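Heads up, the thing below is written out as structure tokens.
The values are calculated or read from the model by the stated rules, or taken from the named source; none is laboratory data. All values derive from a computational prediction rather than experimental measurement. No Cβ is skipped: glycine too gets one built from the backbone with ideal geometry, and neighbour counts run over all protein chains shown. We work out accessible area using only protein heavy atoms, side chains counted, and drop any ligands, DNA or RNA first. Shrake-Rupley method; radii C 1.70, N 1.55, O 1.52, S 1.80 Å.
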Amino acid sequence: MKQKIVKIIFIATAVVTAASMCRAQSAARIHDRFDFDWKFTLADVPEAKNTSFNDAGWADVQLPHDWSIGQPFIENDWRLGSMGYLPGGVGWYRKTFEIPAAQQGKQVYIHFDGVYHRSDVYVNGQHVGFHPYGYTGFEYDITPHVRFGKENVIAVRVDHSDSPSSRWYSGSGIYRHVWLKVLNPVHVSNWGTYVTTPRIEKKSADIAVRTNVENHSEQSKTVTLESEIRTAEGSIIAQTSSSVSLAGREKKDVNHRLTVSSPRLWSTDEPAMYTLVSVVRENGKVIDRYETPFGIRDIRFDPDKGFFLNGKPVKMKGMSIHQDAGSLGTAVPDRSFERRLQILKEYGCNAIRCSHNPPAPEFLDLCDRLGFLVIDEAFDKWKSGYYAQYFDEWWEKDLSSMLLRDRNHPSVVLWSIGNEVVEQNDTSRTGVERLKMLQDFAHKIDPTRKATVAIAPNDIKKRTYNVTGFNDALDVVGYNYQEQFFVDDHRKYPNRIMYASEVFPYYRSSQERVREYEERNPWYDTGNNDFICGYFIWAGIDYLGESSGWPSKGWPTGPFDISMVEKPMATFLKAVWNDDKPVLNIAVVDQSLNLDPGKDHWTWPKIASHWTFLQYLGQVLQVQTITNCEEVELWVNRTSMGRKKLSDYTNNTINWRALYSPGKITAKGYNKGVEVISYELSTAGKPAKIELVADRPAIKADGQDLSHVTVRLLDENGVIIPNDDRTVTFTVEGQGKLIGLDNGDLRSNEYFKGNTRTTYFGRALAIIQSTRTKGPIRLKARMDGLPEAIITITSE
């Protein structure tokens with residue numbers, strides 16, 4: 001049985017793809033999503049590179065694909081804690097496709113957004129390239145190997161036999177999108193546009209455009225390059241053009257200058273976007289069209305006043321996050337990224353540190369659109385750890401990939417070139433020289449942004465990195481867990497630009513010990529000092545890998561769990577990050593809570609946001625109200641516990657003692673004596689029903705879109721039951737499939753890709769993906785002793 005042949009049929013219609021690539025498909029430029037109809041085997045089969053190989057027995061998969069997340073956990077190998085106790089291995093992918101004979105004479109490229117890792121790509125049996133780093137995109141010109149009008153086979157070998165290779169869960173496989181591009185011989189280069197805004201004023205802004213055009217024919221060519229700027233609505237508001245002469249096989253930069261009148265500035269509150277459309281014409285005929293989304297904005301870092309966006313001080317209220325999405329592993333569909341960012345935005349987060357690698361291009365597209373400031377990070381380590389064996393040969397290629405791909409994103413405000421590198425403490429000056437080498441290279445590619453490294457608090461008494469010249473050489477210094485030194489360092493190094501690149505979620509460090517347990521959130525060291533540019537909590541979202549030990553599969557101490565359910569501690573961030581709206585929550589301190597402990601200093605007191613503590617009937621409980629209101633009054637049923645002022649307490653948290661009595665506990669928040677918000681918890685009864693709630697009741701029938709269905713175990717009054725978790729069995733009918741089950745508990749041994757999941761504090765999450773056929777999708781959830789729950793999602 002032969003593999004299905006995918007015929008590439010080219011039509012002149014618009015398609016949406018990553019903004020950092022071309023968005024338009026036309027007769028001049030073909031940019032096809034190449035994610036469907038792949039075959040896969042988790043085995044090393046060298047002969048699979050050959051066109052004649054029979055892969056009929058392999059699994060059918062679509063991309064993005066992470067094979068590790070679909071494997072059983074391996075308990076007895078402690079080394080795999082970094083990989084969430086999931087295996088790596090060697091895998092092969094194959095895809096058969098056909099390009100019409102009419103495309104003969106054009107250039108054909110295959111573009112990978114990310115493969116983890118050590119990939120070898122073959123086309124029709126010919127090796128076209130090796131790429132070791134798992135976090136950067138790459139592409140190959142496969143024109144010499146393509147047979148136009150005939151069957152072609154692409155085969156990809158992915159070698160993750162050295163797992164675990166990163167310090168966190170990396171996944172394994174072709175875990176990001178793949179694109180097939182068919183272009184005329186003269187075209188705009190990959191990542192070939194560079195848009196800057198050298199002058200921005202209220203009445204107008206100058207837009208400088210540098211476009212790299214390449215000629216793959218042997219003959220000289222004279223073409224016209226047109227640059228036009230369009231609004232989000234598609235209106236042309238500026239345009240220019242010039243003639244370009246190219247010798248055979250020549251590449252050339254072409255500079256254009258345009259002016260936009262009354263520009264709309266990109267900001268975190270109003271992320272206005274424009275599009276540069278680059279059109280190449282030969283004898284009046286369009287032979288290429290390339291679109292580059294960009295924003296008009298001004299950024300500035302000041303050692304005394306912090307970070308400025310469009311002339312206004314903006315504090316980065318940030319989270320450091322890894323790229324995995326719980327049960328999806330690292331094969332994260334675009335909608336999953338969008339949902340995560342939307343939830344963070346709701347809580348007041350305005351900044352993301354991509355830890356510790358460049359993100360998927362779609363992630364940055366979303367940050368542009370939603371209004372996030374981004375620290376784009378190239379590497380974790382340099383000549384130590386996973387990357388050491390590749391550094392000398394590959395650092396320039398990999399750093400260049402990030403810089404060229406991401407330099408047009410208005411969301412990106414800093415290039416991070418490393419995290420806690422061992423070179424920071426090198427007294428031989430080798431570390432400083434290596435830093436300068438990378439930083440100078442970043443400045444060469446993009447002189448509009450500064451570079452940073454996140455500095456580890458090694459040897460807290462000596463802080464060697466302050467005397468070796470390492471920190472002095474940096475544009476911007478990232479402080480990991482060193483907020484206790486902000487004021488002293490600002491006095492000692494008055495020209496240093498600083499930000500908190502990683503902070504503990506709850507406890508503050510001291511100058512004597514990093515792992516101090518002072519109950520004062522590090523946010524205040526950032527919020528109360530203008531010269532600190534921002535703060536990035538570690539970690540903003542729980543993630544797989546970097547486990548503290550079995551049975552935990554990851555890092556459990558973020559304000560959001562891996563299914564994006566907020567923990568009570570998330571309310572603190574919402575309270576301090578939102579001055580313009582009242583925030584209030586109730587949490588009960590309970591040391592008996594069965595929580596994944598994680599690593600000690602990244603934890604916070606055991607608290608739960610519910611009022612079902614029948615085991616403490618008649619006992620006094622410690623209750624917390626987390627808020628930004630001036631005063632809070634607490635009620636237990638009909639008894640008032642009085643009104644307290646927030647100014648009398650620390651951590652935006654008012655502490656109470658209350659006698660536990662089933663029923664309701666209610667908090668009311670007051671500003672200037674007026675009630676502005678209330679929050680209530682009720683005691684849960686016995687399980688009565690399953691509730692299914694879809695974040696999106698209608699999704700696109702594109703084979704990629706998602707609906708996240710929240711599962712809640714409720715009593716007869718609709719109160720969630722936090723203390724009687726049960727197993728749910730799921731079935732899907734219609735034009736959709738179940739691609740992940742989660743409950744937020746990293747200790748669970750349940751299969752991420754199965755059809756059953758136990759609730760955790762009364763909740764679970766089912767992730768549904770559409771097929772490429774329109775129609776209804778029905779998700780059914782069954783639990784012993786309760787009525788079946790059904791929800792219908794429309795795929796259209």
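Among the trypsin sites (Lys or Arg not before Pro) in the range 486-581, those located in a DSSP loop and surrounded by at most 15 other Cβ atoms within 10 Å of their own Cβ are Arg513, Arg515, Arg520. Summary value for the chain: 9 percent relative contact order, contacts being C-alpha pairs under 8 angstrom separated by 6+ residues.
With the charge dipole of the chain set up from +1 on Lys and Arg Cβ and -1 on Asp and Glu Cβ about the Cα centre, the Cα lying farthest toward the positive end among the listed residues Met316, Ala789, Val188 is that of Val188.
In the range 641-796, if the dipole is taken from +1 on Lys/Arg beta carbons and -1 on Asp/Glu beta carbons about the Cα centre, which of Ser707, Leu646, Gly663 is farthest to the positive end? Positive-end residue among those listed: Leu646. Against the main long axis of the alpha-carbon atoms of the chain, helix 361-370 sits at an angle near 60°.
Highest-first packing order for the peptide set 406-413, 193-200, 671-678, 125-132 is 406-413, 193-200, 125-132, 671-678, based on the mean count of other beta carbon atoms within 10 Å. When both the range 44-109 and the range 701-719 are represented by their alpha-carbon centers, they are found 31 Å apart. If you find the alpha carbon centre of the range 321-385 and of the range 484-549, how far apart are they in angstrom? Centre-to-centre distance over Cα atoms comes out at 20 Å. By accessible area, using a 1.4 Å probe on protein heavy atoms only, the chain has 47% of its surface on carbon and sulfur.
Kindly express, to the nearest 10 degrees and within the range 0 to 90, the angle between helix 334-346's C-alpha long axis and the longest C-alpha principal axis of the chain. For helix 334-346, the angle is close to 40 degrees. Our summary of shape: the Cα atoms of the range 294-359 have principal axis extents of 43, 25, 21 Å, ordered from largest down, in whole angstrom.
Solvent-accessible area per residue in the chain equals 37 Å², computed with a 1.4 angstrom probe and all protein chains kept.
For Ile677, nonlocal amide neighbours, meaning residues 5 or more places apart or on other chains whose placed amide H falls under 5 Å from its own, are Gly669. Around the Cα centre of the range 460-508, unit charges on the Cβ atoms of Lys, Arg, Asp and Glu (plus for the first two, minus for the last two) sum to a dipole of about 240 debye. Look at where the Cα atoms of the range 465-482 and of the range 764-789 average out, and the two centres are 51 Å apart. As I understand it, the value is the acute angle between the Cα axis of helix 391-406 and the longest principal axis of the Cα atoms of the chain; what does it come to in degrees, rounded to 10? Taking Cα atoms only, the helix is inclined about 80 degrees. Only the Cβ atoms of Lys and Arg (+1) and of Asp and Glu (-1) were treated as charged; on that basis the dipole of the chain about its Cα centre amounts to roughly 1060 debye.
Around the Cα centre of the range 691-750, unit charges on the Cβ atoms of Lys, Arg, Asp and Glu (plus for the first two, minus for the last two) sum to a dipole of about 220 debye. Using θ = phi - 60° in the Karplus curve 6.51 cos²θ - 1.76 cosθ + 1.60, the 3J(HN,Hα) couplings for the range 617-622 round to 3, x, 9, 8, 10, 8 Hz; x is entered for Gly and Pro. Note that the range 753-758 has calculated 3J(HN,Hα) couplings of 10, x, 10, 10, 7, 8 Hz, one per residue in order, obtained from phi through the Karplus relation 6.51 cos²θ - 1.76 cosθ + 1.60 (θ = phi - 60°); glycine and proline are x. First obtain the Kirkwood hydrodynamic radius of the range 605-730 from its Cα pairs, then insert it into the Stokes-Einstein equation at 10 °C and 1.306 mPa s, and state the resulting D in µm² per second as a whole number. D = 93 µm²/s. Residue pairs exceeding 27 angstrom between C-alpha atoms, taken from Lys106/Lys252; Lys381/Lys753; Lys606/Lys645; Lys39/Lys737; Lys305/Lys397; Lys315/Lys700: Lys381/Lys753; Lys305/Lys397; Lys315/Lys700.
Computed over the chain, the percent of Cα pairs more than 49 Å apart is 19. Here's the picture: charge each Lys and Arg Cβ at +1 and each Asp and Glu Cβ at -1 in the range 578-630, and of Gln624, Ser592, Ala608 the one pushed furthest to the positive end of that dipole is Ser592.
Which log10 I(q)/I(0) values, to two decimals, does the range 154-199 give at q = 0.23, 0.29, 0.30, 0.34 Å⁻¹ under the Debye formula with one point per Cα? One equal scatterer on each Cα of the range 154-199 leads to -0.94, -1.17, -1.21, -1.30.
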